[in-house]
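As C-alpha cells, the structure follows; a few thoughts come after it.
The values are calculated or read from the model by the stated rules, or taken from the named source; none is laboratory data. On a predicted model such as this, the values are computed, not experimentally measured, just so you know. Virtual Cβ from ideal backbone geometry, glycine too; neighbours counted across all protein chains shown. Note: accessible area is taken over every heavy atom of the protein model, side chains too, but ligands, DNA and RNA are not part of it. Shrake-Rupley method; radii C 1.70, N 1.55, O 1.52, S 1.80 Å.
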Amino acid sequence: MSHSRIVVLISGSGSNMQALVEACRAEVVPGAVVAVGADRDCSGLQRARDLGIETFLMSPKEWPDRDAWSEALRDEVACHQPDLVVSAGFMRILAPVFVDGFSGRLINLHPSLLPDFPGAHAVRDALEAGVRVTGSTVHYVDHLVDHGPILLQEKVEVHDGDTEDTLHARIKEAEHRLLPQACKLVLEA
Ligand code: GRF
C-alpha cells in the first residue's frame, strides 16, 4: 500500500485529526499525517505532538495582511509535500492563493449537510432552524466558503432537548468515521 502524505489544518481540539491519524496507522487510509498546522495555539496542537506529529503554528496577526499570511501558509504546507491537505475544524477562510496551490487535493470537513448551514455556526444555525436531521460533509475546497464538490455526507438526527454542545458531540462521532473514509476515497481515486 502506498503511503501518501497528509497535512491537516486545525483550530480546535483536533479530535478529527486524531481520528484520521489513527485510521492511517491502522492502514484504513493509505497515507500518513506528516504535519498538523494551526492558526492559533489550540489544544489540538498538543494532541498532535502527543501523537508524535510535527506541528506548525501560523497566527495571521504575525503577518501584515491576510494575503501575506495566506501565501506564507501555502508555502509552509507545501514544504511538507502533501498529496492531500485536510481542513478539519480550521476556522479561517482559505484565500484563492492557498486554494489554487493545492487544487484537487484540498478538502474541508463541515458540521452540516451542505449546502445547508455554511459558515462558522453551522450546528447552532441548524438547531435554530428546527431541522430534525443535520450531519456532516466532506467536500473539495473551491473559492467560495464551505462550497465545492461534495465527497461524502453523513446524517445525524437532532434530538429533543439537544443543545449546540450535545448535537455537535454527536456530529463529531459521525465525522470521526466520515473524514477517514473521505481521505481514503481521494487517495485511492
Ligand atoms: C468539527 O465539527 C468540524 O466539522 C468543524 O469543527 C469541528 C472540529 O472539531 N469545522 P475537532 O477540532 O476535530 O475536535
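Here residue 21 clears all of (1) assigned to a helix (DSSP H, G or I); (2) within 13 Å of the ligand (Cβ to nearest atom); (3) open to solvent by 10 Å² or more (accessible area, probe 1.4 Å); (4) under 27 Å from residue 152 (Cβ atoms) except the condition numbered (3). Under the condition of being within 11 Å of residue 8 (Cα to Cα) and either open to solvent by 70 Å² or more (accessible area, probe 1.4 Å) or of a type outside the set (Ser, Thr, Tyr) (or both), the residues counted in segment 45-79 number 6. Please determine, by comparing only the residues of segment 100-121 that are open to solvent by less than 60 Å² (accessible area, probe 1.4 Å) and within 14 Å of the chain's Cα centre (by Cα), which one is farthest from the ligand (Cβ to nearest atom). Checked segment 100-121; the qualifying residue farthest from the ligand (Cβ to nearest atom) is 106.
Only one entry in 145, 85 is under 20 Å from residue 20 (Cβ atoms) and either within 14 Å of the ligand (Cβ to nearest atom) or buried (at least 19 other Cβ atoms within 10 Å of the Cβ) (or both), namely 85.
Matching residues to (1) of a type in the set (D, E, K, R); (2) under 19 Å from the mean Cα position of the chain (by Cα):
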{"position": "95", "(1), (2)": "no, yes"}
{"position": "98", "(1), (2)": "no, yes"}
{"position": "126", "(1), (2)": "no, no"}
{"position": "132", "(1), (2)": "yes, no"}
{"position": "151", "(1), (2)": "no, yes"}
{"position": "172", "(1), (2)": "yes, yes"}
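If I ask for residues that are open to solvent by less than 50 Å² (accessible area, probe 1.4 Å) and either modelled with pLDDT under 95 or near the ligand (Cβ under 9 Å from one of its atoms) (or both), which ones from segment 158-178 would you list? Once the filter is applied, which keeps residues that are open to solvent by less than 50 Å² (accessible area, probe 1.4 Å) and either modelled with pLDDT under 95 or near the ligand (Cβ under 9 Å from one of its atoms) (or both), segment 158-178 yields 171, 175. I'd like to know if segment 148-161 contains one or more residues that are in a loop (DSSP other than H, G, I, E, B) and touching a residue at least 12 places away in the same chain (Cβ under 8 Å). The answer is yes, given that some residue of segment 148-161 is in a loop (DSSP other than H, G, I, E, B) and touching a residue at least 12 places away in the same chain (Cβ under 8 Å). Annotation note: Cβ proximity below 9 Å between a residue of segment 86-98 that is among the small types (Gly, Ala, Ser) and a residue that is away from the ligand (no atom under 16 Å from the Cβ) (sequence gap 6+ or interchain) occurs for 95/66; 95/67; 95/69; 95/70; 95/71; 95/73; 95/74; 95/143. Note on segment 28-47: among residues that are over 12 Å from residue 183 (Cα atoms) and in a loop (DSSP other than H, G, I, E, B), the one that is nearest to the ligand (Cβ to nearest atom) is 42.
Filtered by the rule that a residue be in a helix (DSSP H, G or I) and closer than 12 Å to residue 36 by Cβ, segment 48-74 gives 48, 49, 50.
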